[in-house]
Structure formats: C-alpha cells, structure tokens
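The values are calculated or read from the model by the stated rules, or taken from the named source; none is laboratory data. Only a predicted model underlies this, so the values are computations on that prediction, with no experimental measurement involved. FYI the Cβ positions are ideal-geometry reconstructions off the backbone, even for glycines, and counts take in every protein chain you see.
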Amino acid sequence: MSKMIKVGMADLKLCISPDSITTLGLGSCVGIALRDPKTGVGGLAHIMLPDSTKIRNNANVAKFADTGIMELIKQMEKAGAVKSRIVAKIAGGAQMFAFQNKSDMAGIGQRNVECTKLKLKELRIPILAEDTGLNYGRTVEFYPENGDFIIKSVGKPIKKI
Amino acid sequence: MPKVDLDNMDNIYFDVLKELGNIGAGNATTSLSQMLQIKVDMKVPKVELLNFHEVGEAMGGEELVMAGIYLLVEGDITGSMMFLLQKKSAGVLVSRLMGMPVSDEDNFSEMEISALKEIGNIITGSYLNALSSLTNLKIFPSIPDLCIDMAGAILSVPAIEFGIMGDKILLIETAFTDDSELNGYFILIPDLQSYDKILGALGM
C-alpha cells in the first residue's frame with residue numbers, strides 16, 4: 001500500500017515510489033520536489049528562507065533553500081538516488097500581502113525562488129517545471145513514481161505540472 | 001546579545017509575554033463588542049510558543065481558509081502584527097457590522113472586504129493600544145492589508161519573520177462568543193530588540 005507523507009513548514013522528507021509526499025499551504029515558502037526517475041527515490045523540502053549564511057540561527061537545515069536542498073540530496077543519495085539523474089520541480093514563493101516592504105522581508109517569496117534556482121543550477125539539477133510567485137497559497141503533492149506535481153489553490157482549478 | 005531567545009524562553013519572560021497577550025486581546029475584544037454593539041464574552045486567551053510545523057495544526061489545519069490581517073509596526077518597537085480568523089467567523093463579523101448577511105460566502109464583495117479590513121484595523125489597533133499604554137512605548141501601526149487564503153500560506157508570512165530569529169512562533173489564541181463561537185488568533189512579531197524594549201519597559 002502506498003502512503004502519503006506529510007512535510008511541515010521548515011521541514012523536509014524522503015519519499016520512495018510508490019509513496020507520495022505533500023506539503024500544505026505554501027505561501028511565501030517554496031516547495032522543492034526532487035526525484036531520481038530511475039530509482040523512484042524522491043523527496044520534498046518546504047523551505048522558508050533563502051540563504052542560511054545570512055542568518056545567525058541556522059541550525060535547522062530544512063529552513064533554508066541552500067542547506068535544505070543539500071540535505072535532501074544527501075538523504076536521497078543514501079536511499080540509492082544518483083545525483084546526476086536528479087530532476088526538480090518547484091512551487092510557492094508567493095507574495096501574500098501587497099506591502100511586505102520591510103527591508104528584510106521585501107520580496108521574500110521571490111528571493112526564496114531565486115535562491116532555490118541558483119542552488120539547483122549550481123548543483124546542475126534541471127528544473128523541469130515550476131509554479132511560483134503571484135499572490136496565493138498552494139498545496140502540493142508529489143509522486144516520485146512518475147514525477148507528477150499536483151498544485152491545489154483556493155478557488156482555482158487543480159494544476160498538474 | 002538580546003535577552004530574549006524564543007527557542008529557549010525563560011519562564012518569567014514567557015509569563016510576561018503571555019500577560020501582554022491577554023491584556024491586548026482583552027482590549028481588542030472590548031473594542032469589537034463596542035463596534036458591533038453586541039455583547040461579546042471572551043475566554044482566557046491561550047498563549048503558546050509553537051514550532052513552525054505545529055501552527056497550522058493549532059489553527060485547525062494548514063488548508064483551512066482564513067482571513068489574515070497584517071500590518072507593520074513602527075515607533076519605539078518595530079516589527080509586524082497579524083490577526084487571523086476563520087473565513088466563516090469573518091463573514092459573521094462583516095454581516096454584523098454591515099447589518100445584512102454576506103452576499104456570497106466564498107467571494108466577499110469589495111464593500112465587505114473593506115468592512116473586514118476596518119474590523120481588523122480596530123482589533124489590531126486596540127491590541128497595540130493596550131500594549132502601548134502598558135509599556136509607555138510609542139507604537140505606530142501601518143494601514144493593514146488583508147489576505148484570504150489557506151492558513152498555512154498566510155502564516156508563512158509571520159513564520160518567516162520568526163524564522164529569521166529562531167525556530168518558534170508565539171501564538172495568542174483568543175475565543176470570543178456571542179451567539180456563535182468566533183475564534184481569532186493574534187501573532188505579534190516584534191524583532192528581538194523590541195522584545196527587550198518591551199520587557200525593559202516593564203522593569204524586567
């Protein structure tokens with residue numbers, strides 16, 4: 001029986017096919033789904049902040065785009081994934097309120113997305129699809145078996161990317 | 001080095017923040033009752049220091065649709081504040097204020113949105129007023145902004161601000177009842193220096 005694994009905010013988990021993995025209500029945070037298509041080893045990270053090096057209190061690696069991606073890949077490799085085969089899909093990074101213009105919060109969603117892309121590029125992990133930005137929340141479900149990334153939002157049709 | 005560390009919160013500090021939450025929420029409830037001309041009973045607010053992954057759950061699930069009112073705070077303390085309530089409760093409050101039922105539960109009209117913003121303005125304003133008069137600190141709130149979406153998505157905003165400081169979020173849950181039960185949540189997000197100022201102003 002396959003089950004659905006739940007990932008919380010500032011959290012990441014491994015998911016091996018045929019199981020699936022979900023995180024609920026992504027706002028300015030970014031959901032990063034990784035998968036090795038050959039082995040069906042995947043995982044999902046729900047990161048909150050772009051860069052661990054900018055924050056003193058950075059013990060929780062799952063909180064940041066840079067360290068979160070590294071940690072998830074490490075766990076996937078332990079489970080049999082090969083880094084050169086890993087592909088990514090990302091969602092989230094919305095701006096929930098119009099005026100988040102305080103200096104350290106300005107465009108945090110967008111910066112989360114940018115930093116995620118930068119880190120993935122650095123690691124040569126291709127981004128196959130993304131649904132990012134705008135101003136609404138997203139619940140995502142990821143199926144490492146076939147790479148389907150389902151996105152649900154309030155008052156909008158379900159999207160598959 | 002700031003005195004307050006949210007991840008290893010001292011009991012005394014936590015009690016003080018709790019008490020501030022109680023007083024603020026009490027003041028906000030009184031204003032609400034006056035504005036809507038109804039008798040509102042309030043239960044003792046619950047103040048909790050939660051891990052990020054626990055907040056959504058504490059509010060009844062990350063996917064629950066809620067109305068979030070968010071504003072920035074300037075003056076002697078800086079930071080931001082959020083007031084959240086379930087969309088259903090928001091509809092009840094709006095219909096009370098406007099004296100007629102909400103036209104469409106799923107899509108508030110512009111007028112209703114504006115009314116909801118005003119409710120948020122008054123609730124958060126009176127909360128901050130209580131805090132200000134208690135501490136003698138100047139607190140200037142910005143005009144609030146409103147967002148209706150999944151609890152998790154709205155919460156990502158204050159969570160990220162707390163995330164810059166640590167791994168916990170301070171949540172104040174307040175329940176008021178008239179005919180139906182209305183639940184509201186306050187999240188006050190002063191930066192760490194402001195926590196020190198608040199405690200300092202109270203002689204801690």
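Summary of values
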item	result
Subset of the stretch B:157-204 that is charged (D, E, K, R) and assigned to a strand (DSSP E or B) - its residue that is nearest to A:Thr53 (Cα to Cα)	B:Lys168
Qualifying residue in the stretch B:132-146 (condition: out of contact with any Leu (no Cβ under 9 Å at 6 or more places or on another chain), assigned to a helix (DSSP H, G or I) and modelled with pLDDT under 85)	no
Residue in the stretch A:143-157 that is within 14 Å of chain B (Cβ to nearest Cβ) and among the hydroxyl-bearing types (Ser, Thr, Tyr) present	yes
Residue satisfying all of: in the stretch B:131-148; farther than 17 Å from B:Gln86 by Cβ, surrounded by 22 or more Cβ atoms within 10 Å (Cβ to Cβ) and of a type in the set (A, V, I, L, M, F, W, C); farthest from the other protein chains (Cβ to nearest Cβ) among these	B:Leu131
Any pair with Cβ under 7 angstrom, 6 or more apart, that starts in the stretch A:9-22 at a residue that is basic (Lys, Arg) and ends at one that is crowded, with 19+ Cβ neighbours inside 10 Å	A:Lys13/A:Val7; A:Lys13/A:Ile21; A:Lys13/A:Gly43; A:Lys13/A:Leu44
In the stretch A:29-60, the residues that are more than 16 Å from A:Lys89 (Cα to Cα) and either in contact with a Leu (Cβ under 8 Å, 6 or more places away or on another chain) or among the polar types (S, T, N, Q) (or both)	A:Thr39, A:Ser52, A:Thr53, A:Ile55, A:Asn57, A:Asn58, A:Asn60
Strands (runs of 3 or more DSSP E) enclosed by the stretch A:1-41 - at least 3 residues per element that are touching a Lys or Arg at 6+ places or on another chain (Cβ under 8 Å) and not aromatic (Phe, Trp, Tyr)	A:20-26, A:30-36
Selection count where residues are touching a residue at least 12 places away in the same chain (Cβ under 8 Å), within 10 Å of chain B (Cβ to nearest Cβ) and either over 19 Å from A:Ile86 (Cβ atoms) or of a type outside the set (A, V, I, L, M, F, W, C) (or both), scope the stretch A:51-63	2
Any pair with Cβ under 8 angstrom, 6 or more apart, that starts in the stretch B:149-163 at a residue that is facing chain A (nearest Cβ under 7 Å) and ends at one that is of a type in the set (Lys, Arg) and in a helix (DSSP H, G or I)	B:Gly163/A:Lys63
Breaking point among (1) more than 13 Å from the chain's Cα centre (by Cα); (2) closer than 30 Å to A:Ala59 by Cα; (3) surrounded by fewer than 23 Cβ atoms within 10 Å (Cβ to Cβ), for B:Ile160	(3)
Hey, B:Leu128 away from every other protein chain (no Cβ under 14 Å) and either in contact with a Gly (Cβ under 8 Å, 6 or more places away or on another chain) or of a type in the set (Asp, Glu) (or both) or not	yes
Qualifying positions in the stretch A:3-50 - within 14 Å of chain B (Cβ to nearest Cβ) and at positive phi	A:Ala10, A:Gly25
Members of the stretch B:52-69 that are in contact with a strand residue (DSSP E or B) (Cβ under 8 Å, 6 or more places away or on another chain), more than 8 Å from chain A (Cβ to nearest Cβ) and over 23 Å from B:Ile113 (Cβ atoms)	B:Ala58
Positions within the stretch B:164-185 being more than 14 Å from chain A (Cβ to nearest Cβ) and among the hydrophobic types (A, V, I, L, M, F, W, C), in sequence order	B:Leu170, B:Ile172, B:Ala175, B:Phe176, B:Leu182
Residue match in the stretch B:83-97 (condition: under 30 Å from A:Lys6 (Cα atoms), hydroxyl-bearing (Ser, Thr, Tyr) and surrounded by fewer than 20 Cβ atoms within 10 Å (Cβ to Cβ))	yes
Filter pass, A:Thr116 being touching a Leu at 6+ places or on another chain (Cβ under 7 Å) and either crowded, with 19+ Cβ neighbours inside 10 Å or of a type in the set (Ser, Thr, Tyr) (or both)	no
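Residues checked against (1) out of contact with any Phe, Trp or Tyr (no Cβ under 6 Å at 6 or more places or on another chain); (2) without any contact (Cβ under 8 Å) to a residue 60 or more places away in the chain; (3) closer than 24 Å to B:Thr30 by Cβ:
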| residue | (1), (2), (3) |
| --- | --- |
| B:Met81 | yes, no, yes |
| B:Gln86 | yes, no, yes |
| B:Ser95 | yes, yes, yes |
| B:Asp104 | yes, yes, no |
| B:Ile119 | yes, no, yes |
| B:Ile123 | no, no, yes |
